1. Can you spot a residue in region 31-38 that is closer than 19 Å to GLU14 by Cα, at pLDDT below 95 and open to solvent by 70 Å² or more (accessible area, probe 1.4 Å)?
2. Determine, yes or no, whether TYR60 is part of a strand (DSSP E or B) and either over 12 Å from TYR15 (Cα atoms) or of a type outside the set (Phe, Trp, Tyr) (or both).
3. Being aliphatic (A, V, I, L, M) and open to solvent by less than 40 Å² (accessible area, probe 1.4 Å) is the filter here; which residues of region 51-83 pass it?
4. Suppose the filter is closer than 16 Å to PRO4 by Cα, at pLDDT below 95 and out of contact with any helix residue (DSSP H, G or I) (no Cβ under 9 Å at 6 or more places or on another chain); does LYS93 pass it?
5. Within region 80-93, can you find the residues that are touching a residue at least 24 places away in the same chain (Cβ under 8 Å), assigned to a strand (DSSP E or B) and either within 13 Å of SER34 (Cα to Cα) or touching an Asp or Glu at 6+ places or on another chain (Cβ under 6 Å) (or both)?
Amino acid sequence: QNYPNPFNPKTSIEYSIADLKNGQRRGETSSTFSVSLNVYDTLGNLIRTLVDKQQPPGNYKVRFDAQNLPSGLYIYKLQVDGLSETKKMMLLK
């Protein structure tokens, strides 16, 4: 989940990418995963792409600055190699 929530006008979104590669042994290099993190309004319009790249397993933190957006409910969707998670966040000005 993002923190703080509700926010004004900046928030941080933290996410983790687990190493799901079967049979991986210590010392082997980890795979990278296709990661996208997008923010949408309640009508489903894309507001901003925060992440769109290959990333290795690990913990990540992204700042979202909504200074030029109106107050309201926003949805962010994290996709990692076809798996997705959607959460809500509230902008209060």
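The values are calculated or read from the model by the stated rules, or taken from the named source; none is laboratory data. Keep in mind the model is a prediction, meaning the values are calculated, not measured. Counting neighbours? That spans all protein chains shown, and the Cβs are built from the backbone with ideal geometry, glycine included. These area figures cover heavy atoms from the full protein model, side chains too; ligands, DNA and RNA do not enter into them. Shrake-Rupley method; radii C 1.70, N 1.55, O 1.52, S 1.80 Å.
1. So far as region 31-38 goes, yes, one or more of its residues are closer than 19 Å to GLU14 by Cα, at pLDDT below 95 and open to solvent by 70 Å² or more (accessible area, probe 1.4 Å).
2. Here the answer is no, as TYR60 does not meet what is asked.
3. Going residue by residue through region 51-83, those that are aliphatic (A, V, I, L, M) are 51, 62, 66, 69, 73, 75, 78, 80, 83.
Once the filter is applied, which keeps residues that are aliphatic (A, V, I, L, M) and open to solvent by less than 40 Å² (accessible area, probe 1.4 Å), region 51-83 yields VAL51, VAL62, ALA66, LEU69, LEU78, VAL80.
4. yes
5. VAL80
Let's see how each residue does on (1) part of a loop (DSSP other than H, G, I, E, B); (2) within 14 Å of PHE7 (Cβ to Cβ); (3) touching a Lys or Arg at 6+ places or on another chain (Cβ under 7 Å):
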position	(1), (2), (3)
GLY44	yes, no, no
ARG48	no, no, no
ASP52	no, no, no
LEU69	yes, yes, no
LEU73	no, yes, yes
LEU78	no, no, no
